[in-house]
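Scroll down for the structure; my scribbles are underneath it.
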Amino acid sequence: MTDYRQHPSIVAHWRDASLQPLPEAQEARETIWFAAPPEPDTEQMWEGLRGRLETDGTATVLGVPAYLYDVNFGDRVSVMRSAENALVATGVECDALNFTFRVQLTADDPNAWRPLAEELAEKGCLLDLISPRFFAISCGQPQAQEVADRLSTLERNGVLHYESGRTQQLG
């Protein structure tokens, strides 16, 4: 059986002292499907991210990956149409130089995500809320170390678990 995970939310940013949908993500009409590298003895997992088809035939990723590695918000990807007419990514053409972090909160409080999300959004990060306890964060290279340090401190304090979505060094 195949596992399809399409994000329920639209990427949000900080505007007018609150989290609001990012206009370019809100206007994106395409879903770009990415195959996650298969694990032994598991079903194939696909992550569906909002995207915009470009005139050159590539697509711009307008969601923050929650399960993929080395795909980030703003990346341009090569795509093809499947037999079912789905837009499927076949590779990263242009790295947007953003960093992705995934956060799993330890608290059961359905609003526990809000203070951290707002703190990071105020610093310029984009957020993609998967559930009240799990969300993905995108930031530019200048903020990446500060965000990683903050998440590391919160992890040491037992507030959350996090990981980076970037396994490759920037060139």
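Converting phi to 3J(HN,Hα) with the Karplus coefficients 6.51, -1.76 and 1.60 and the offset θ = phi - 60°, region 90-105 yields 10, x, 8, 8, 9, 7, 7, 6, 9, 10, 10, 10, 10, 10, 10, 6 Hz in sequence order, with x at every glycine or proline. Roughly speaking, to the nearest percent, how much of region 32-129's 1.4 Å accessible area is carbon and sulfur? Summing carbon and sulfur atoms, their accessible area is 53 percent of the total for region 32-129. What label, among (1) 15.8, 48; (2) 31.3, 121; (3) 59.5, 184, belongs to Rg and Dmax of the Cα atoms in Å computed from the structure on display? Derived directly from the coordinates: (1). Here each label is just a point 7 Å from Cα along the line to Cβ, and for E163 and A35 those points are 2.0 nm apart. Each stretch of four or more DSSP H residues adds -39500 (n - 2.57); spread over every residue of the chain, this sum gives -5500 deg cm²/dmol at 222 nm.
Report note on the peptides 35-46, 136-147: ranked by the mean count of other C-beta atoms within 10 Å, highest first, their order is 136-147, 35-46.
Heavy-atom accessible surface of the chain, averaged per residue, reaches 54 Å², computed with a 1.4 Å probe. Rounded to the nearest 20 debye, the dipole magnitude of region 1-152 is 260 debye, with +1 charges on Lys and Arg beta carbons, -1 on Asp and Glu beta carbons, and the Cα centre as origin.
Annotation: amide H-H contacts under 5 Å for G165 (H modelled 1.01 Å from N, sequence separation of 5 or more, or interchain): T100, F101, R102. Distance between the pseudo-spin-label points of E84 and Q104 (7 Å out from Cα toward the beta carbon): 2.6 nm. Looking at region 12-86, the trypsin sites (Lys or Arg not before Pro) that sit in a DSSP loop and have at most 10 other Cβ atoms within 10 Å of their own Cβ are R29.
Going by a ≥ b ≥ c, the root eigenvalues of the Cα gyration tensor, does region 7-89 fall in the rounded group (a/c under 1.5), the prolate group (a/b larger than b/c) or the oblate group? Here region 7-89 falls in the oblate category.
The values are calculated or read from the model by the stated rules, or taken from the named source; none is laboratory data. Computed from a predicted model, the values in this text were never measured in an experiment. Virtual Cβ from ideal backbone geometry, glycine too; neighbours counted across all protein chains shown. The protein model used for the area step is the full one, side chains on, heavy atoms only, and it has no ligands, DNA or RNA in it. Shrake-Rupley method; radii C 1.70, N 1.55, O 1.52, S 1.80 Å.
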